[in-house]
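J.: Quick one: the structure is below, questions incoming.
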Amino acid sequence: MMKKIFTITMRDIVSSLRDSMIIYIIIFPFILAVILRMMTSSVGATTVNIAVDNSIDSTMVEYLEDFGNVETFDSIERVNKRVNDTDDVFGLTKKGLTYSIIQEGNERASSVDLLEYMVSSYENQNLDLPIEVEVSDIGWNLSPIKQYGGNLLIVFISVFGGMIILINLVEEKQENTLSAVNVSSITRTQYVIGKGLLGFMVPIIHSIGILAILNYGQINYLMVIVVILCIAMISVLIGFLIGVTNDNILGAISSMKMLFIPILGSIFGAIFLGSQWHYLLYWSPFYWAFNALNSIILKEATWSGVLLNCSIIILITGIIFALLSKKIKRGLN
């Protein structure tokens, strides 16, 4: 039995590698992850670059390095040359007790202000202020772009496994391979399992790759795989339904894209709606997947919480399967 299932899966893998559309589906999520990584890197990057000469003492250089990129030069002439380069770099020198900021003139004004604040803060760091400052943590461990962007991408690409299934099914219908399968020694259960495996394998590979590219640190990948396996059931189910009821690949993919609406609606609702309104999203398995992955990414997840979210996803999937199973069975005949 396992050999027949494995044969069907390997046949789909070989067939997928010959289809440029499927290769694009496989590679595209990693490209998006790289773009998101570049965006989050730029958000967290230092915005002030400073060139100093030997009139700035080493203690101040160390202080400035806590807030910006500092380059040291042995003369004011070399500082001026560095400031005149194409990137945004400010020069800082000191004569007596007076600091001078050198700029080319096309830098952002906010960056100039920031450098002035740094110099003022250094010179007045021992000043006793008539105020009391307290720092509180509001709970952010990551930038919102990285936290929600990566989470959205992982839930979103869970659909791609179903797309591969429907493409392979439509191609087999066009080549009359599906009819041949019905009279072969392969049972319908073996055929469905063999076809469906790619729908689970692809999202798992995508999710692990995306998390590795975005570098969330030591998160629990086993929890991620459990959540992805559960949410992939929806796309696999829809992939079979659309695949057996369509004879045109482009039309089938267009139908699958309709799944993007509840995915994006659920995720944006979870992000922007107040918690008191989240009950409006309880019908969506993608909301529960997003909720589980969010806690995993923030390293706040517990197995009880993850399994509760997964149980709700499976329950919703079971209801959808009960409604669609007869139509899928008819399409496979």
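J.: Calculate the translational D of segment 48-119 in whole µm² s⁻¹ from Stokes-Einstein, where the hydrodynamic radius comes from the Kirkwood formula applied to all Cα pairs, the temperature is 4 °C and the viscosity 1.567 mPa s.
T.: Numbers: Rh = 12.0 Å.
Diffusion coefficient, whole number: 108 µm²/s.
J.: Next question. Can you give the calculated 222 nm mean residue ellipticity of the chain, where each DSSP H run of n ≥ 4 adds -39,500 (n - 2.57) and the sum is split over every residue, rounded to the nearest 500 deg cm²/dmol?
T.: Values: 14 runs with 223 residues, N = 333.
Rounded to the nearest 500, the figure is -22000 deg cm²/dmol.
J.: Per-residue HN-Hα couplings for segment 297-308, Karplus 6.51 cos²θ - 1.76 cosθ + 1.60 at θ = phi - 60°, whole Hz, x for Gly and Pro?
T.: 4, 7, 6, 10, 6, 10, 4, 5, x, 5, 5, 5
J.: Among (i) 23, 47, 27, 3, 0; (ii) 25, 39, 23, 12, 1; (iii) 36, 59, 5, find the value of P(r) over Cα pairs in 20 Å bins from 0, in percent that was calculated from the structure presented, and write down its label.
T.: (ii)
J.: Also, I was wondering about something else. Which of the residue pairs K173/K195; K4/K327; K257/K329 have a Cα-Cα distance greater than 19 Å in the structure shown?
T.: On the way: K173/K195 14 Å; K4/K327 25 Å; K257/K329 22 Å.
Among K173/K195; K4/K327; K257/K329, the Cα-Cα distance tops 19 Å for K4/K327; K257/K329.
J.: Related question: Residues with beta-carbon under 14 Å from that of I238, excluding I238: net charge, scoring Lys, Arg +1 and Asp, Glu -1?
T.: Working: positive: K195, K257, K327; negative: none.
Overall, the nearby charge balance is +3.
J.: Considering amide H positions built from the backbone, and no H for Pro or chain starts, which residues 5 or more places from T72, or on another chain, come under 5 Å of its amide H?
T.: V52
J.: Additional query: Pop out the ³J(HN,Hα) list for segment 312-325 in order, Karplus 6.51 cos²θ - 1.76 cosθ + 1.60 with θ = phi - 60°, rounded to Hz; leave Gly and Pro as x.
T.: Running phi through 6.51 cos²θ - 1.76 cosθ + 1.60 with θ = phi - 60° gives 5, 4, 5, 4, 5, 4, x, 5, 5, 5, 4, 7, 10, 4 Hz.
J.: With springs only between Cα atoms under 10 Å apart, run a GNM on the chain and tell me which of S235, S143, S158 wobbles the most.
T.: It is S143.
J.: Sticking with this structure for a sec: About its Cα centre, what dipole magnitude does segment 48-119 give when the only charges are +1 on Lys and Arg Cβ and -1 on Asp and Glu Cβ, stated in debye to the nearest 20? Intermediate results must be reported in sequence, preceding the final value.
T.: On the way: 6 positive and 15 negative charges, 50 e Å.
Taking the Cα centre of segment 48-119 as origin, the dipole is about 240 debye.
J.: Could you size up the charge dipole of the chain around its Cα centre, putting +1 on the beta carbon of Lys and Arg and -1 on that of Asp and Glu, and report it in debye to the nearest 20?
T.: 2980
J.: Over segment 48-119, what is the relative contact order in percent, taking alpha-carbon pairs closer than 8 angstrom and at least six residues apart? Write out the running numbers ahead of the final one.
T.: On the way: 98 pairs, mean separation 24.6, N = 72.
It comes to 34 percent, rounded to a whole number.
Quick note: the coordinates plus some simple rules give every number you see, no bench work behind them. Only a predicted model underlies this, so the values are computations on that prediction, with no experimental measurement involved. Because the Cβ atoms are built from the backbone with ideal geometry, glycine has one as well, and the counts that use them run over all protein chains shown.
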